[in-house]
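To start, the structure itself, in structure tokens.
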Amino acid sequence: MRRYVVFVGPSLPRAEVAALLPDAEIRPPVRHGDLLRLDVGAEDAVLIIDGLFLQTASVRHREIMYLLQRGVTVAGGSSMGALRAAELWPYGMRGFGEIFRLYRDGEIDGDDEVAIVHGTAEDGHRAYSDPLVGIRIALRDAAAAGAIGQDDARLMVDLAVAMPFRSRGFRALETVARGHLPAHVIEAFRSWRSAHAPDAKAADARLLLAAAAAGDPELRPAGLGDRAVRNVHTWDFEMWEHRYHGAEADGAWVADVDAATALRLVHPAFPDLHRRQVLARVAGLDPDHPALAEHAVAVARARGLEPPRRDGWLTERDLAGSADEALATLLVRAFGVTHGRAWTKWDLPPELRTPAAMVWGREVVAAARRCRERLLGPVPDGGPRRRFRAEVADRVIAREWGCDPGGLTVHAWDRGIADLAALRRLAEPFVALLKSRQAGDAEMISDASAVTSVAW
């Protein structure tokens, strides 16, 4: 059975959506990242009606194209859905309704045509303004019905276009139009609108939902006749996917970025796997090659590299060992540390990108959140969150890594972390868990078995 996910509000109330398309998963207006959180497949359909654009980043085209590439049916109409469908219909996003047609055919092109001010989800996304496209369609239809003249309708459209979208509305337009048109024209339009109560966005939303309920064959995945979707997986897209994609652990959502951080910080195999991954890049070999370090050192020496006596990357202990080992360590720290950008899941060693490894990371994150709340209390709404003192965090991480707190920077390099400040920022969410675990304080953990089941 096809699964429908509908992003809506305020074009239609949730109750009407549920009545038109029973069993649909109804979600708030779509925003950047929401589509990457979905667990949908080729048999499913995502219907976009409304979307956010001002208070948060709007849904990106590549997010939609990512679903299209995976064979998911994506359709839109009414508001943000109509806009994105008009932009992506050549690639197989399906558009429904008059507003989609106006955008697709170039009769309108501004994002503000569908923009309105509305309330929160708790307020039912109540609309506090009217969209320009709705005003435009109402004036066009009133003129076509002979209620007002064509010239009067064009003038009123121009007046509406000149209004800020936050202030647009039929009543506000009628007030402004009093200085430009006879009172009987304005009254004629008000009477016509009162009798017909046009709401173009709601009408298009109903059309889309009715098509879904009826199994309209137009609601199909991208395919024959559509342009092929290519080049979706840019670095920027991978960063979005890493930030927004994830899964639930212990009943709470855990993003891939948080699970990957747990793997980097506390998985016992990470340092060795990371080292082999970096040396493999230097040597141009597979990470499982039996003489990987020797080949990487040979490549480095062929390019004139030798471990300097005082360069900041190597400690006295490193320099006291063999020159080959010191040079291999230098390569790992010089080429394996990330500066100035965030990691993605794809920066992890392949052995830690597996579904099982990501489940491990999510379980650690979930346990860490429980411990943190028990030790420091819940995060206050809108207020600063409590943090551990830097010396406490350093001591806990050093104990976890089996080193002296003064040597944390070097050990951070061995995990690809640039400096002590970056380490403290990444480690902060996990300090409570590690502190409780190291102290053997099971009472500070809401479910000790959930932590001990994670194979540290």
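Some values worked out for this structure:
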quantity	calculated
Residue match in the range 14-23 (condition: assigned to a strand (DSSP E or B) and either modelled with pLDDT of 95 or more or of a type outside the set (A, V, I, L, M) (or both))	no
Counted residues, the range 239-251 - those being open to solvent by 50 Å² or more (accessible area, probe 1.4 Å), charged (D, E, K, R) and closer than 16 Å to His32 by Cα	1
Per-region count, the range 277-310, residues open to solvent by less than 50 Å² (accessible area, probe 1.4 Å), over 18 Å from Leu348 (Cα atoms) and either in contact (Cβ under 8 Å) with a residue 24 or more places away in the chain or acidic (Asp, Glu) (or both)	4
Elements of type helices (runs of 4 or more DSSP H) contained in the range 357-456, each with 3 or more residues being surrounded by fewer than 20 Cβ atoms within 10 Å (Cβ to Cβ) and modelled with pLDDT of 90 or more	390-401, 408-413, 420-427
Meets criteria (in a helix (DSSP H, G or I), of a type in the set (Lys, Arg) and within 41 Å of the chain's Cα centre (by Cα)) for Arg140	yes
Single match in Leu209, Leu219 (criterion: more than 14 Å from the chain's Cα centre (by Cα) and part of a helix (DSSP H, G or I))	Leu209
Residues being touching a helix residue (DSSP H, G or I) at 6+ places or on another chain (Cβ under 9 Å) and open to solvent by 40 Å² or more (accessible area, probe 1.4 Å) - total across the range 253-268	3
Members of the range 1-25 found to be under 20 Å from Thr56 (Cα atoms) and among the aliphatic types (A, V, I, L, M), listed by number	Val6, Val8
Qualifying positions in the range 335-356 - more than 22 Å from Ala293 (Cα to Cα), in a loop (DSSP other than H, G, I, E, B) and hydrophobic (A, V, I, L, M, F, W, C)	Ala342, Trp343
Residues of the range 336-351 that turn out to be within 20 Å of Tyr244 (Cβ to Cβ) and open to solvent by less than 20 Å² (accessible area, probe 1.4 Å), as a count	2
Hits in the range 311-335 - residues which are at pLDDT 90 or above and open to solvent by 60 Å² or more (accessible area, probe 1.4 Å)	Ser322, Asp324, Glu325, Phe335
Residue that is farthest from Phe96 (Cα to Cα), among those in the range 164-204 that are aliphatic (A, V, I, L, M) and open to solvent by 70 Å² or more (accessible area, probe 1.4 Å)	Ala183
Single condition Met156 does not satisfy, out of (1) within 20 Å of Gly97 (Cβ to Cβ); (2) not in a loop (DSSP other than H, G, I, E, B)	(1)
Any hit, the range 245-264, residues being over 25 Å from Trp360 (Cβ atoms) and not β-branched (Val, Ile, Thr)	no
From the options Leu219, Leu207, residue that is touching a Ser or Thr at 6+ places or on another chain (Cβ under 9 Å), open to solvent by 40 Å² or more (accessible area, probe 1.4 Å) and at pLDDT 95 or above	Leu207
Long-range neighbours under 8 Å by Cβ, at least six apart or interchain, first residue open to solvent by 60 Å² or more (accessible area, probe 1.4 Å) within the range 132-147, second in a helix (DSSP H, G or I) and of a type in the set (A, V, I, L, M)	Arg136/Val157; Arg136/Ala160; Arg140/Ala153
Positions within the range 330-346 being closer than 14 Å to Leu279 by Cα and either without any contact (Cβ under 8 Å) to a residue 40 or more places away in the chain or under 20 Å from the mean Cα position of the chain (by Cα) (or both), in sequence order	Leu330, Ala334
Condition broken by Ala188, with the remaining ones in (1) under 44 Å from the mean Cα position of the chain (by Cα); (2) free of Cβ contacts under 8 Å to residues at least 60 places away in the same chain satisfied	(1)
Residue list for the range 222-237, filter: over 25 Å from Leu20 (Cα atoms) and open to solvent by less than 50 Å² (accessible area, probe 1.4 Å)	Gly223, Asp226, Val229, Val232, Thr234, Phe237
Hits in the range 75-88 (condition: without any contact (Cβ under 8 Å) to a residue 40 or more places away in the chain and within 13 Å of Val59 (Cα to Cα))	Leu83, Arg84, Ala85, Glu87, Leu88
Wholly within the range 38-135, helices (runs of 4 or more DSSP H) carrying at least 2 residues that are under 19 Å from the mean Cα position of the chain (by Cα) and at pLDDT 95 or above	61-69, 80-88
Count of residues meeting criterion [more than 16 Å from Leu207 (Cα to Cα) and either of a type in the set (D, E, K, R) or more than 17 Å from the chain's Cα centre (by Cα) (or both)] in the range 16-37	7
Options Ala262, Ala162; residue that is out of contact with any Gly (no Cβ under 8 Å at 6 or more places or on another chain) and at negative phi	Ala162
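Let's see how each residue does on (1) among the basic types (Lys, Arg); (2) touching a Phe, Trp or Tyr at 6+ places or on another chain (Cβ under 6 Å):
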site: Thr234; (1), (2): no, no
site: Trp240; (1), (2): no, no
site: Arg243; (1), (2): yes, no
site: Ala247; (1), (2): no, no
site: Ala252; (1), (2): no, no
site: Pro271; (1), (2): no, no
site: His274; (1), (2): no, no
site: Val278; (1), (2): no, yes
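The values are calculated or read from the model by the stated rules, or taken from the named source; none is laboratory data. Keep in mind that what you see is a predicted model, and the values were worked out from it rather than measured. Note: ideal-geometry Cβ built from the backbone for every residue, glycine included; neighbour counts use all protein chains shown. Quick note on the areas: whole protein, heavy atoms, side chains included, nothing else; ligands and nucleic acids left out. Shrake-Rupley method; radii C 1.70, N 1.55, O 1.52, S 1.80 Å.
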